[in-house]
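Below is one structure, written out as C-alpha cells; the observations come after it.
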Amino acid sequence: WVSNETPSQYSTVTVYGRIHRNGVGIPKVPMHAVWHYRTTTSDCEAVSGADGVAACERNIGRASAEYRVRIVVTFTYAGETYVAETGFTPQLR
C-alpha cells in the first residue's frame, strides 16, 4: 500500500509491503520496490521489521499529473519470490 493515493507533485510518497506467514509478520526480509512513472522508473529498498512490514519512500518530483504510477513490490524469502502491486496518481501542485 502507499501513504497517499493522490499526492501532490513534489511530495514524498511511502510504499509499504508486509510479508507474513499464518498472519504473523516475518522480520528481516528484504523488500525491493520499482516505481513505474510515465517516462522513467526508480526503485528503493527496505527490510521488514518485527511486524513483517517494510517501508521506503521517494520524493515524486514533477511526476506526470493524472498518470497512475505503478509500484511493484517484491519480497524474496526462503527461496521464493512474492510480488504485489500498488500505486498512486499524482495531482497538480
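Cβ-Cβ distance below 6 Å, separation of 6 or more or different chains: which pairs start in the stretch 1-28 with a residue that is farther than 17 Å from Ser42 by Cα and end on one that is open to solvent by 90 Å² or more (accessible area, probe 1.4 Å) and basic (Lys, Arg)?
Cβ pairs passing all conditions: Ser8/Arg93.
Give the residues of the stretch 14-41 that are part of a loop (DSSP other than H, G, I, E, B) and either closer than 18 Å to Ser3 by Cα or of a type in the set (Gly, Ala, Ser) (or both), sorted by residue number.
Residues satisfying the conditions are Ile19, Gly23, Tyr37.
Could you tell me which residue of the stretch 42-93 is modelled with the lowest pLDDT, considering only residues that are closer than 15 Å to Glu5 by Cα and of a type in the set (Lys, Arg)?
Arg93
Return the total of residues in the stretch 42-64 being in contact (Cβ under 8 Å) with a residue 40 or more places away in the chain, surrounded by 14 or more Cβ atoms within 10 Å (Cβ to Cβ) and assigned to a strand (DSSP E or B).
So in the stretch 42-64, the residues in contact (Cβ under 8 Å) with a residue 40 or more places away in the chain come out as 55-63.
Filter again for surrounded by 14 or more Cβ atoms within 10 Å (Cβ to Cβ), leaving 55-58, 60, 63.
If we keep only those that are assigned to a strand (DSSP E or B) as well, we get 55-58.
Summing the residues that are in contact (Cβ under 8 Å) with a residue 40 or more places away in the chain, surrounded by 14 or more Cβ atoms within 10 Å (Cβ to Cβ) and assigned to a strand (DSSP E or B) in the stretch 42-64 gives 4.
Could you check how many residues of the stretch 65-90 are outside any loop (DSSP other than H, G, I, E, B) and farther than 14 Å from Ala33 by Cβ?
Let us first name the residues in the stretch 65-90 that are outside any loop (DSSP other than H, G, I, E, B), namely 69-77, 80-88.
Subsequent filtering for residues that are farther than 14 Å from Ala33 by Cβ retains 77, 80.
Counting residues in the stretch 65-90 that are outside any loop (DSSP other than H, G, I, E, B) and farther than 14 Å from Ala33 by Cβ gives 2.
Answer with yes or no whether Pro90 is more than 9 Å from the chain's Cα centre (by Cα) and touching a residue at least 40 places away in the same chain (Cβ under 8 Å). Full working, then the answer.
Details: more than 9 Å from the chain's Cα centre (by Cα): yes; touching a residue at least 40 places away in the same chain (Cβ under 8 Å): yes.
Here the answer is yes, as Pro90 does meet what is asked.
Given Tyr77, Tyr37, which one is among the hydroxyl-bearing types (Ser, Thr, Tyr) and either open to solvent by 70 Å² or more (accessible area, probe 1.4 Å) or touching a residue at least 40 places away in the same chain (Cβ under 8 Å) (or both)?
Exactly one of Tyr77, Tyr37 is among the hydroxyl-bearing types (Ser, Thr, Tyr) and either open to solvent by 70 Å² or more (accessible area, probe 1.4 Å) or touching a residue at least 40 places away in the same chain (Cβ under 8 Å) (or both), namely Tyr77.
Evaluate the following for Arg70: is it surrounded by fewer than 12 Cβ atoms within 10 Å (Cβ to Cβ) and either in contact with a Cys (Cβ under 9 Å, 6 or more places away or on another chain) or among the basic types (Lys, Arg) (or both)?
No, not satisfied.
The values are calculated or read from the model by the stated rules, or taken from the named source; none is laboratory data. No experiment lies behind these values; they were computed from the predicted model shown. Every residue, glycine as well, gets a Cβ built from its backbone with ideal geometry; the counts of neighbours run over all protein chains shown. Note: areas computed on protein heavy atoms with side chains; ligands, DNA, RNA excluded. Shrake-Rupley method; radii C 1.70, N 1.55, O 1.52, S 1.80 Å.
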